Amino acid sequence: MKLASARFALFSLGQLLVLGGLALLPVVDLVFPSLQFAAPSRTVIVFAIMALGLNIVVGWTGLLNLGIAAFTALGAYAFGILTCEIYPFQVGFWWGVLLAGAFGAFAGWLLGAPTLRLRGDYLAIVTLGFGEIVQDALKNLEAVTKGTQGINPLPAPTLPGLQFSSETHVRWFYLYLAILAVVVFLCRNLEFSRLGRQWFAVREDELAARCMAIEPDKAKLKAFAAGAALAAVSGALGASLLSSTGEPGNYDFQVSILALCIVIVGGIGSITGVLIGSIVMVGLNVILLPLLTQTLQRNGIGSTGNVLTSPDNYKYLLFGLALVLMMRYRPDGIIQTRKATRK
């Protein structure tokens, strides 16, 4: 769907269907009060924003980034320092999210400037190392980051006439869904912009891109900064959701791998695929498995002490099986990528 002027690209049909499906989750909660989908689905939205940032780097530019969780951590701690009452800034929720995104973009630029001449496995190792460095730095800078205690309490969102608390799950959900819709809109327009076409050109053939007067290093740097900014925004939203940054160990390598799996399972380079991948990978963990566990326990089948009847004990087996089946039968992901061209 596009405006008549073709200046802006609105949501595609697939994106509208996914966002609309998410918007109906609170309605499902009203019909089936025992399900309570809205509260855990906020985590799905946070990971979707993080994965959209990673998709810019991995899917559109062809750079393997194994340290996206580091930028999420930087965004969460930047948000905490800027908004928590124990610090002198206290800029509020909205400015905290925006400044956290700007700080993430700056951190992405700092990492990318000296390293983006590396390619393939070498760049992946650098980003992996950066993720470990950030974790250790946040733990050891205890005077600023509070070490393993994390920064808390953090402010909830603020809107005129509306209050957000731990009891208002639906309000949180719809606000975060609106933020996700804005991020999807920005990513879709980036996809069809001149910069987006440069990213695709660099991904397909860097030498050919140079022949077309594209500077691959600058294009990669912009992609790295954009992806880091979205990851930092997701970190800020997640920190506000928990009212705490959590300990630095919460932003470990597993978080980066989960974000990468979301992009791969959904479809590398596809915005719609990233949204579906977030629902599949994160929704399985935070919605379906807990629901299955509760159902088994209510029927006297499940037990937390029984390894075989508690789905949480073998969730990683399910994740691994899902990835194996995807790579075997759908290697391009659930949604196959199309070229970024207008028709």
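The values are calculated or read from the model by the stated rules, or taken from the named source; none is laboratory data. Since we're looking at a predicted model, the values are computed, not measured. Every residue, glycine among them, receives a Cβ derived from its backbone with ideal geometry; neighbour counts consider all protein chains shown. The area values use the complete protein model at the heavy-atom level, side chains included, leaving out ligands, DNA and RNA. Shrake-Rupley method; radii C 1.70, N 1.55, O 1.52, S 1.80 Å.
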Mean Cβ-within-10 Å packing, highest first, puts peptides 230-236, 157-163 in the order 230-236, 157-163
By the C-alpha gyration tensor axes a ≥ b ≥ c (rounded if a/c is under 1.5, else prolate when a/b exceeds b/c, else oblate), the shape of the chain is rounded
Note to self: with every protein chain in place and a 1.4 Å probe, the chain gives an accessible area per residue in Å² of 49 Å²
Rounded to the nearest 500, the 222 nm mean residue ellipticity computed for the chain from DSSP H runs (n ≥ 4, each -39500 (n - 2.57)) alone is -20500 deg cm²/dmol
Relative contact order in percent for region 4-276 (Cα pairs under 8 Å, 6+ apart) equals 39 percent
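Kindly point out which whole DSSP H helices in the chain project their C-alpha atoms 18 angstrom or further along the helix axis while averaging a Kyte-Doolittle hydropathy of 1.6 or above. Don't jump to the answer; show the numbers that get you there.
Details: long enough: 38-55 (25 Å, 1.41); 68-83 (23 Å, 1.73); 93-115 (33 Å, 1.30); 121-140 (29 Å, 0.55); 169-191 (32 Å, 1.27); 216-242 (39 Å, 0.90); 253-266 (20 Å, 2.58); 315-329 (21 Å, 1.35).
TM-like helix candidates: 68-83, 253-266.
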Highest mean packing first, using Cβ neighbours within 10 angstrom, the peptides 260-267, 177-184, 22-29 sort as 260-267, 177-184, 22-29
Toy charge model, Lys and Arg Cβ at +1, Asp and Glu Cβ at -1: the chain dipole around Cα centroid in debye, rounded to 20, equals 1200 debye
A 1.4 Å probe over the protein heavy atoms gives region 4-276 a carbon and sulfur accessible-area percentage of 67 percent
Candidates Asn140, Asn313, Asn65; GNM for the chain (alpha-carbon contacts under 10 Å) flags as most fluctuating Asn313
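When only C-alpha pairs under 8 Å and at least 6 residues apart count, what is the relative contact order of region 91-204, in percent?
Normalised by residue count, the contact order of region 91-204 is 18 percent.
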The farthest towards the positive end of the charge dipole of the chain, of the residues Gly75, Val126, Ser278, given +1 on Cβ of Lys and Arg and -1 on Cβ of Asp and Glu, is Ser278
Checked region 161-271 with the C-alpha gyration tensor, a ≥ b ≥ c its square-rooted eigenvalues, rounded below a/c of 1.5, otherwise prolate if a/b is larger than b/c and oblate if not; verdict prolate
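Between rounded, prolate and oblate, where does region 158-215 land on the alpha carbon gyration tensor, with a ≥ b ≥ c its root eigenvalues, rounded for a/c under 1.5, else prolate if a/b exceeds b/c?
Prolate, since a/c reaches 1.5 and a/b exceeds b/c.
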Region 174-202 scanned against label point 7 Å out from Leu159 along Cα→C-beta; backbone N under 20 Å for 174-186
With the dipole of region 4-276 defined by +1 on each Lys or Arg Cβ and -1 on each Asp or Glu Cβ, the option from Ala48, Pro155, Phe11 whose Cα lies farthest towards the positive pole is Phe11
